[in-house]
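The next block holds one structure in the form of structure tokens; read it before the comments.
The values are calculated or read from the model by the stated rules, or taken from the named source; none is laboratory data. Everything numeric here is computed off the predicted structure, so don't read it as measured data. Every residue, glycine among them, receives a Cβ derived from its backbone with ideal geometry; neighbour counts consider all protein chains shown.
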Amino acid sequence: MHTVLNHPLVNHRVTLMRDQSTPPKIFRELVNEITTFLAYEALRDLRTVKIPVRTPVAETTCDHISDRIVIVPILRAGMGMLNAVLDVLPSATVGVLGMQRNEETAEPIPYYSKVPPMRGDALALVIDPMLATGGSACDAVAQLKKLGYRRIKFLNMIAAPEGVAKFEAAHPDVPIYTAALDERLNEHFYIVPGLGDAGDRIFGTEENSTLSKLMKVMEKKVMADGRIDFAESGELLRLARPLVGMGEDFAVFKRILQQVRADGKVDAAESKRISGILAALADKADAYAVCTCPKCGRPVSKRTIAGDAAKCPWCGERVGI
Ligand code: PRP
Ligand code: URA
């Protein structure tokens, strides 16, 4: 059984998480907030007992949670959801399962396990933001079952249909609660549209991988259609290098690449748009301003000019800002 939250408060937050320009601090806050909604939905049938309570007005009996709960984040990305669940279940205990996907095959490789022994009729809440092929979640639940856990639920942010199908076939007794059911997996086993690598986005480690992916894309472009020679791509990189770390680098690089024409130039109108993006970024860091080269019409950043004796990095024209 799987439940998709399907609620405007959740969907709005999922949209913000998907946006590649959302920085790690905001991303983590969104993970927290969505996890609270997931816990609310997943824990409707939590066991309670009646206990006597004296209010300022009367004696009464009220619900009190009696379930024993173990929260099990799948390392590393699952850690991003832990605090939100602990906030609503402060007496829960925590076990962790370390799992790393093989980048080529997407097979889960378990590397760590520290889960409290099963006691009473404890409920295990497995948490991981991504259910892609389903390998990691299936393996995590299998490990818990081996330890004797029988009551298990899986809380997740984004699921792919392939992962849901695999999980439900392997563990039909374990319900899935997710914030979004996406379209499919791509050829690298990433969820589409997804949100990229959840662990990297939570822990802020995506910069290098984004950049190296970008370099590969750029080199491929050069090889495949010859539109950009190495000098051009070097200049593109140099122009955009100061943007790295501002969370916008990938979007800017991609935009610039898309606008380079067959002759290696950028149309005046396009270059204005590129300048617009760069200028918006310049607002965030006044370390640079942007203008258009009067000769070749390509964007030039102030920092590049300062370092290059006021020369356009593309055509060598002297440019004043
Ligand atoms: C991610 C994610 C899940 C897994 C999902 O972890 O957090 O654990 O991939 O993919 P699957 O359904 O195909 O198994 P990853 O292995 O990238 O490790 P990380 O959390 O350390 O980034
Ligand atoms: N793991 C992630 O973090 N994202 C995906 O899209 C798939 C697996």
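Things worth noting here:
- Look at (1) within 12 Å of ligand 2 (Cβ to nearest atom); (2) modelled with pLDDT under 95 and you find that Gly204 fails only one, number (1).
- Filtering region 152-211 to residues that are of a type in the set (D, E, K, R) and within 9 Å of ligand 1 (Cβ to nearest atom) leaves Glu162, Lys166, Asp197, Asp200.
- Qualifying position, being modelled with pLDDT of 95 or more and under 21 Å from the mean Cα position of the chain (by Cα), among Val31, Val57, Val70: Val31
- Scanning region 1-16 for residues that are closer than 16 Å to Tyr177 by Cα, under 20 Å from the mean Cα position of the chain (by Cα) and among the β-branched types (Val, Ile, Thr) yields Val4, Val10, Val14.
- Within region 169-196, tally of residues that are among the β-branched types (Val, Ile, Thr), crowded, with 21+ Cβ neighbours inside 10 Å and within 14 Å of ligand 2 (Cβ to nearest atom): 2
- Test: residue in region 113-123 that is within 16 Å of ligand 2 (Cβ to nearest atom) and assigned to a loop (DSSP other than H, G, I, E, B): no
- Residue that is nearest to the chain's Cα centre (by Cα) [pool: residues in region 106-118 that are near ligand 1 (Cβ under 10 Å from one of its atoms) and surrounded by fewer than 19 Cβ atoms within 10 Å (Cβ to Cβ)]: Ala106
- Residue match in region 92-102 (condition: in a strand (DSSP E or B), away from ligand 1 (no atom under 12 Å from the Cβ) and farther than 20 Å from Glu41 by Cβ): yes
- Listed by position, the strands (runs of 3 or more DSSP E) inside region 1-85 whose residues that are in contact with a Phe, Trp or Tyr (Cβ under 9 Å, 6 or more places away or on another chain) and within 21 Å of Lys153 (Cβ to Cβ) number at least 1 are 2-4, 69-75.
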